[in-house]
Amino acid sequence: MTEPTGFLAGLDAGHRTQLLSLAREVRYPSGTRIFDEGEPADAFWIIEEGAVALDVHVPGRVAPVIETLAPGDLLGWSWLFPPYEWHLGARTLSPVTARRCEAAAVLTRCEADPPFGYDLARAVGGVVGQRLKATRIRLLDLYGPHQGGAL
């Protein structure tokens, strides 16, 4: 058996098993819009194969890609925090296989098993921190002052 990587590696082995028992495999072809910014966030995915682009809506422009997710990455954290709406959009860059978890089922398990909930919240919190940093860096790259230009 191979060691878990990415998001799943951050969970206790028993909690990882519990989480995966709530998941179902899904597949998306390349170019599929999984969700859009502002829509209700009622699920999350753990990517097994393929790549997913996270993007942000910018009026009058093509949505810039903020981060590209790969196997082992968590897709979606907005299901855990009010107002339970996606903060970014997501689209597949290649065929994707993932494990989809329904937020309601996971939240019910979190309430019934507080150590599971705490472990999951810590792991998701780590992802949130990484995503915020990546978003900041990408937006500075896109819209910040460029070297050689006037400040």
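The values are calculated or read from the model by the stated rules, or taken from the named source; none is laboratory data. Quick caveat: nothing in here was measured; it's all calculated off a predicted structure. With ideal geometry, Cβ positions are generated from the backbone for all residues, glycine too; neighbour counts draw on all protein chains shown. Quick note on the areas: whole protein, heavy atoms, side chains included, nothing else; ligands and nucleic acids left out. Shrake-Rupley method; radii C 1.70, N 1.55, O 1.52, S 1.80 Å.
Of all residues in the range 90-116, count the ones that are assigned to a helix (DSSP H, G or I) and of a type in the set (A, V, I, L, M).
Looking only at that region, the number is 6.
Name the pairs: first residue in the range 93-117 and at pLDDT 95 or above and surrounded by 14 or more Cβ atoms within 10 Å (Cβ to Cβ), second residue part of a helix (DSSP H, G or I) and among the acidic types (D, E), Cβ to Cβ under 9 Å, at least 6 apart or on different chains?
G117/E111
Of everything in the range 12-22, what is surrounded by 14 or more Cβ atoms within 10 Å (Cβ to Cβ) and either free of Cβ contacts under 8 Å to residues at least 40 places away in the same chain or within 16 Å of P71 (Cα to Cα) (or both)? Give them in sequence order.
Within the range 12-22, R16, L20 qualify.
Please verify whether the range 45-56 includes one or more residues that are farther than 18 Å from A121 by Cβ, among the small types (G, A, S) and at pLDDT below 95.
No - not one qualifying residue is present in the range 45-56.
Would it be correct to say that P29 is open to solvent by 70 Å² or more (accessible area, probe 1.4 Å) and of a type outside the set (V, I, T)?
Yes: the conditions hold for P29.
Take V62 and tell me if it is surrounded by fewer than 12 Cβ atoms within 10 Å (Cβ to Cβ) and more than 24 Å from L120 (Cα to Cα).
Yes; evaluated as a whole, the condition is true for this residue.
So which of Y143, Y84 is among the aromatic types (F, W, Y), open to solvent by 80 Å² or more (accessible area, probe 1.4 Å) and more than 17 Å from the chain's Cα centre (by Cα)?
Just one listed residue meets the conditions, Y143.
List the residue pairs whose Cβ atoms are under 8 Å apart, where the first residue sits in the range 57-74 and is closer than 22 Å to R99 by Cα, the second is in a loop (DSSP other than H, G, I, E, B) and open to solvent by 70 Å² or more (accessible area, probe 1.4 Å), and the two are 6 or more positions apart or on different chains.
Partner pairs satisfying both residue conditions: T68/L93; P71/T5; G72/T5.
Among the residues of the range 33-55, is any in a loop (DSSP other than H, G, I, E, B), open to solvent by 40 Å² or more (accessible area, probe 1.4 Å), more than 24 Å from T108 (Cα to Cα) and aliphatic (A, V, I, L, M)?
There is no residue in the range 33-55 that is in a loop (DSSP other than H, G, I, E, B), open to solvent by 40 Å² or more (accessible area, probe 1.4 Å), more than 24 Å from T108 (Cα to Cα) and aliphatic (A, V, I, L, M).
Would you point out the residue of the range 72-89, among those that are among the hydrophobic types (A, V, I, L, M, F, W, C), in contact with an Asp or Glu (Cβ under 7 Å, 6 or more places away or on another chain) and part of a loop (DSSP other than H, G, I, E, B), that is modelled with the highest pLDDT?
W86
Where residues in the range 127-140 are surrounded by 14 or more Cβ atoms within 10 Å (Cβ to Cβ) and closer than 20 Å to G10 by Cα, which of them is modelled with the lowest pLDDT?
In this case the residue turns out to be A134.
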